[in-house]
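Enquirer: Let me begin by handing over the structure; questions about it come next.
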Amino acid sequence: MKRNTNVVTLGGKPVTLMGKLIKNGSHAKNFIATGIDMQPVKLSDYQGKIRIISSMGSVDTDVCAEQTRRFNLEAAKLGDVRIIAISCDLPFALKRFCAAEGIDKVITVSDHKETDFGIKYGLLVEEFRTLARSVIIIDQYDMVRYVEVVPEIDDQPDYDAALEYVKKLL
């Protein structure tokens, strides 16, 4: 398995990202994850739509919970944009979180079973089998247009920059 050379830290300590980091301007790689209903969810299910992929370590942490709540709040303002929140949490934990937090506009999926997304996008943290925090924007033509990998996993992504970029695509 190829190791990613991007430097990402957790609590200031470097972690190892597996796979090859997806690049801005590249063709989006299709992936399969598991929805909170235990059904397969593919990126290609939303082909022809602008998609924001919000990856995180676990919704059971404050930073990840806030990231998901923020994108759920912003989703209503973005119209036909699909927001996919992905982590390696079990689908049951994601379903519980969504119900407790009122997450109803973000498509929440688990990469736990195959880590297909994490490996294809270069965001799987080897040491913890979680995902690095990132925001990836894919246009309606399946081209990656924006990639932010947050250097310190405990930090929030730049929501304003990502949302401004999406608005330019609309």
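Computed from the coordinates by the stated procedures, all read-outs in this text should not be read as laboratory data. Predicted, not measured: the structure shown is a model, and the values here were computed from it.
Enquirer: In deg cm²/dmol and to the nearest 500, what is the mean residue ellipticity at 222 nm of the chain if only DSSP H runs of at least 4 residues count, each as -39500 (n - 2.57), divided by the residue total?
Expert: -7000 deg cm²/dmol
Enquirer: Related question: Binning at 5 Å from 0, report for the chain what percent of all alpha-carbon pair distances ends up in each bin.
Expert: Taking every Cα pair in the chain, the percentages come to 2, 9, 20, 24, 23, 16, 6, 1.
Enquirer: Run the numbers for Tyr141 and Asp62: contour at 0.36 nm per residue of separation, minus the present Cα-Cα distance, in nm.
Expert: 25.1 nm
Enquirer: Related question: Alpha carbon centre of segment 5-76 versus segment 96-141: separation in Å?
Expert: If we compute the Cα centre of each part, the gap is 4 Å.
Enquirer: Considering only DSSP beta bridges whose two residues both sit in segment 3-169, what percent are antiparallel, to the nearest 5?
Expert: Restricted to segment 3-169, the bridges split so that about 70 percent are antiparallel.
Enquirer: Could you work out how much longer the chain between Ser44 and Glu101 gets when fully extended? Use 0.36 nm per residue separation minus the Cα distance between them, nm to one decimal.
Expert: 17.8 nm
Enquirer: So, one more: Please give every one of the lysines within straight-line cross-link reach of Lys42, meaning a C-alpha to C-alpha distance under 26 Å, and leave out same-chain neighbours fewer than 8 residues apart.
Expert: Partners found: Lys2, Lys20, Lys23, Lys29, Lys77, Lys95, Lys105, Lys113, Lys120, Lys167, Lys168.
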